[in-house]
1. Determine by what factor the alpha-carbon radius of gyration of the chain differs from 2.2 N^0.38 Å, reporting the quotient.
2. When the chain is fully extended, how far beyond the present Cα-Cα distance does ASP67 get from GLU330, taking 0.36 nm per residue of separation?
3. When the chain is fully extended, how far beyond the present Cα-Cα distance does GLN285 get from ARG141, taking 0.36 nm per residue of separation?
4. If Rh is defined by the Kirkwood formula over all Cα pairs and Rg also comes from Cα, what ratio Rg/Rh do you get for the stretch 171-239?
5. Counting only other residues whose beta carbon sits under 14 Å from that of ALA94, what net charge do I get with K and R as +1, D and E as -1?
6. Mind checking the stretch 128-230 for trypsin sites (Lys or Arg not before Pro) that DSSP puts in a loop (not H, G, I, E or B) and that have at most 10 other Cβ atoms within 10 Å?
7. ILE378's amide H: which non-local residues (gap 5+, or another chain) put their own amide H closer than 5 Å, with H modeled 1.01 Å from N in plane and none for Pro or chain starts?
8. Taking 7 Å along the Cα-to-C-beta vector as the label spot, tell me the SER245-PHE261 distance in nanometres, rounded to one decimal.
Amino acid sequence: MMKLSVLLLTLILTNATFANENESLSFFSDRASVNSLQTNIQNLGSSEVFIRTQSVLEYFKVGKEPDSQNYLNDLKYIQTSAEISSVLKWFDPAQFTKRLMTLSQTEFSIFQDLDSKNTIDLSVHLGTTLTQPPLRKHSLRGLKIAIDPGHMGSAFWDKETGKYLSDGHGHVLSEGVLNLQTSLLLKNEFEKLGAIVYLTHDELKPVSSMDYKNFNLTPFALNELKDSTHQDWFQHLIASAPVGSQLNSNFENSSDFKKLFSESARSEYFIKREDLWKRTELIDQFDPDLVLIIHYDTSSSATGLNPKSPKQTKSFVFGSYEKTEFGSREARKYFARHLLDKNSWNESVSLSRAIVQKMHKNLNLDLPTSADSGSTQIEPGIFARNLMVPRRLKSSVPVAYLECLFYDRTDEYQKLIQQDHSLNVGGTPLPYSNRVSEIANTIRDGVIDYVQ
Ligand SMILES: [Zn+2]
C-alpha cells in the first residue's frame, strides 16, 4: 500500500511537469537530497559557492559573460522604484530576488553572487518623477504586427516535438498546422485593415536553418551549464569539493553533466533553444509595435483526445521566474530589462485582456483561474510565465502568448479537423476549418479593441 501511494505520487508529480509549453530540458533529474544540499551549501557560505561556480565555468571554458549593463542602455522609459515593487510579485513569486537584488528610491541593482551581494551584475539609476511613454496608436493602419506561429508542423517535426493528436481512427491534428493556419488568416485580416504584418515562418518547417542532424552540440551544452548554476544537481556538485581537480572531475563524472553533451539533447537544443532564439531575433529585427505568439493547448503530454479537457482560453505575459532561472548574467539581464521597462509589461496585460475577453464573449471559452506549474495568475485567463520568446525579446512592446483553446477536447477536435476551406502553404493547399477562422477573427477583434 505504501509503495503504491509512493508510485501514485511520483506519477502525479511527473505529470505536473508536463505543462504544455514546458521549455526546461526534459533530461534533468534532481537526485540530490534537498535538505542535506541546503545544509552543505549554507555551511560553505555564499562567497565560496560563487568562487567555486566561477572556477568550474572557467575550467569548462564556458567563456566570460559580457557585461549586461549595455543591454539596458537603450531603455527609454524606466519604472520608478514604487512601480517596480508593485509588479515584482508577478515577476518573482518565489521572492528569490531578495537574495540577489537591491532596490532603493533611486537605484536598482542585481548581483552575481547570492546573499553576499559583493559582485555587481548591473545597476540602474531610477527616476523619481513619472515619465510616461507615448500613447499607443489608435488604429491598425500602419501598425507593425509580428506573429509567431508556435512549433513547426509536418510529419517529421510533429514526431520530434510531440505536438499533435491522433484520434486512433487515422486522423491526425498537428498543433503546428493549427498555429500556422491561424497566423496566416490573422495576417490576411490585419493587412485588410492596413497593418504591416510579419510572420516568423509561413511554411511547415523550423525558423532556424541550422543543420539539425549535424550541428555541434557543445556550444548549447556550455550555454546550458552556464544557466544551470542554481539547479540542485549543480549546487550538489559545487558542495562536493573545493576549487581544483577533484571538483572538476566530480562534474565530468556526473550523469547530469554528461547528459548536457550527449546526443540525446540534440532535439531539445534545436526545438527549445535554437529555433526559439531565431524567432526572437527575427521579431526584434522587424521592430514591431505589437507581438502575438499563437499556440493551442492540451491537458497532458499524451497524443490522444480528452473529452474532459477544459473549455478554456488563456494568454501568458512575461514573468514568474522560478528560483533556478536566475543562474546566469544573461538570464538576469532579461529579467531586469522586463522589470524596468515601463511600457511593455502593462501593455502586454492590456492586450491579453482585450483578446481573452473577446474569446470569452464571442466563443464562450472560459477564463481559467488556476495556474499551471511555473505560472502565476494575474487575473482570470492571464498568467505570468517565463517563456523563451517573450523573455528574449528586446522590443519594448506588448506581447500576448496565446493558448487559443484546448484542441484535445473531443468536441473542439471534431470541429478543427473539418476541411471547410483551403490555404496555400508553400505551394501546397492546406485545408482548414470554420473553427480556425472563428478563432482568427476573434483574435483580430480583440486586437482592434486593444488599439482603440
Ligand atoms: Zn504549443
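1. Values: Rg = 22.7 Å, N = 452, 2.2 N^0.38 = 22.5 Å.
In units of the globular-protein estimate, the chain measures up at 1.01.
2. Working: separation 263, 0.36 × 263 = 94.68 nm, distance 0.92 nm.
Extra length available between ASP67 and GLU330 comes to 93.8 nm.
3. Here the segment from GLN285 to ARG141 would lengthen by 49.8 nm.
4. With Rh from the inverse mean 1/r over Cα pairs, Rg/Rh is 1.23.
5. Every neighbour counted, the sum reads +2.
6. LYS213
7. PHE383, ALA384
8. 1.8 nm
Quick note: the coordinates plus some simple rules give every number you see, no bench work behind them. Computed from a predicted structure; not experimentally measured. Positions of Cβ are backbone-derived with ideal geometry, glycine not excepted, and every protein chain shown enters the neighbour counts.
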